[in-house]
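Only the coordinates and a few stated rules stand behind these numbers; no lab work does. As the structure is a prediction and not an experimental result, all values here were calculated from the model. Backbone-built Cβ (ideal geometry, glycine too); neighbour counts: all protein chains shown.
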């Protein structure tokens, strides 16, 4: 979730525990996560198509990678707090066994799918514990939307601002290590960390669904757009928009809808992320998941526009953007 940063220097969030072939869903050929201690409705993972071809030629194949790939999330620009709503109750899901990676700081709790660490000079422990039900509920919704569960435990850490890899970075996901880090000052409102945490967990879901190599080369429009889209209501609530389609329209009417290939740095970083989420919403709603999965796996580098839109959709990125801009202006 979501800042000045140079996307061209951020080469992705990645982690898979299996070696896969093609753009196959981890659950497609391997065993699904085991139910350990809770009753739950099982989410059936959507099978991924293997038709996408990379621009280097030949089928896209996933190879194991050994170096961490980090995706920093830029610090969100100021937005009004959402109106008070009841704290959601997270759906009971099968607990993932074992522990997440051990991180700096104190492990203050284990949820069913991730461990929570707390460093010094950051949000108070009681504040972090208070927002975990909302983070869990956001992760539940993201897993349902993507049709993919976390494949193994992750660790979510809250650290002081001085630990940021660069000024303005709010969070980073090092998904190869299943390590998700958020950076907050003690006096900041912990409620703002909910959508950022769900955004970073969504990056981990992307890595688990598409595999390390595909995520490392994923078009930033799709990589960040999908993670923001998966953050769903937690991201949308402060904007006042009821849907990603409406959010795109609101940005357009306010003169804030950025060019699709924008570098999401500076004070308007949120606008870029939200525009990309609206575009992702259009692609999935119009052309379906199979085509979107192929598109995600066709990326040729971590820069906006690297995916092979013409191969997958038979249209250029610019043509699709024109369709999307017309779509968001339709009301009904």
Original post:
Tell me, in nm to one decimal, what length is gained between residue 290 and residue 265 on full extension, where the rule is 0.36 nm per residue of separation less the Cα-Cα distance?
Top reply: 5.9 nm
Subject >> Potential extension, residue 315-residue 243 segment - 0.36 nm per residue separation minus Cα distance >> reply: 23.4 nm
Original post:
Taking the Cα-to-Cβ direction at residue 191 and at residue 329 and moving 7 Å from each Cα, how far apart do the two end points lie in nm?
Top reply: 3.6
Subject >> For the stretch 200-307, convex hull of alpha carbons as volume per residue, Å³ >> reply: 96
Subject >> Cβ-Cβ FRET estimate between residue 102 and residue 125, R0 fixed at 25 Å, reported to 0.05 >> reply: 0.90
